[in-house]
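Some notes on the structure that comes next.
The values are calculated or read from the model by the stated rules, or taken from the named source; none is laboratory data. Owing to the predicted nature of the structure, the values given are computational and were not obtained by experimental measurement. For neighbour counting, all protein chains shown are included, and Cβ atoms are generated from backbone atoms with ideal geometry for every residue, glycine included.
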């Protein structure tokens, strides 16, 4: 019975319209992670960057994107690394993002230093296409390369466990 109720609740939640707009109104309340981790959705979100313009990123319902939406760069999973990256990227002429994933580091670099040349490498094709979409969403001239980076020339097999979200938000 509990499983049926859970499935019913999930289907009702997924059918709710306007989740991004409602959650945008709730975001200033600084909900605790134990609550906001269940409040997922799909759509474009805006991410603020200290001392720079914000950027947009597509939220596909994954935990990292959800945390960016609710907690911002300062409260997310890699806040210390992103703060160091932001400060270093602000004065760099050339920036390389190896293993770009959905592109947060590249997007932060372009937000703080629009004149820099950013090269980003992502070897997993579905993730690479999401990254490219995020670059286009911001009209950033990031040089996105569908390739892995290594310390040797040649070819290798890359074993990737492609994650999917437990939730299937709409």
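Values for this structure:
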quantity	calculated
Residues of the range 117-147 satisfying the condition of being surrounded by 17 or more Cβ atoms within 10 Å (Cβ to Cβ) and in contact with a helix residue (DSSP H, G or I) (Cβ under 6 Å, 6 or more places away or on another chain)	118, 120, 122, 140, 142, 144
Any hit, the range 118-125, residues being at pLDDT below 95 and not in a loop (DSSP other than H, G, I, E, B)	yes
Leading residue by the ranking (nearest to residue 139 (Cα to Cα)) among those in the range 45-63 that are surrounded by 17 or more Cβ atoms within 10 Å (Cβ to Cβ) and free of Cβ contacts under 8 Å to residues at least 60 places away in the same chain	45
Single match in 107, 31, 82, 39 (criterion: surrounded by 15 or more Cβ atoms within 10 Å (Cβ to Cβ) and touching a strand residue (DSSP E or B) at 6+ places or on another chain (Cβ under 7 Å))	107
In the range 86-103, the residues that are part of a helix (DSSP H, G or I) and out of contact with any helix residue (DSSP H, G or I) (no Cβ under 7 Å at 6 or more places or on another chain)	87, 88
Single unsatisfied condition, residue 40 versus (1) within 21 Å of residue 133 (Cβ to Cβ); (2) part of a helix (DSSP H, G or I); (3) modelled with pLDDT under 95	(2)
Candidate set from the range 60-77 (those that are out of contact with any helix residue (DSSP H, G or I) (no Cβ under 8 Å at 6 or more places or on another chain) and not in a helix (DSSP H, G or I)); member that is nearest to residue 43 (Cα to Cα)	61
Considering residues of the range 15-29 that are under 19 Å from the mean Cα position of the chain (by Cα) and without any contact (Cβ under 8 Å) to a residue 24 or more places away in the chain only, the residue nearest to residue 77 (Cα to Cα)	24
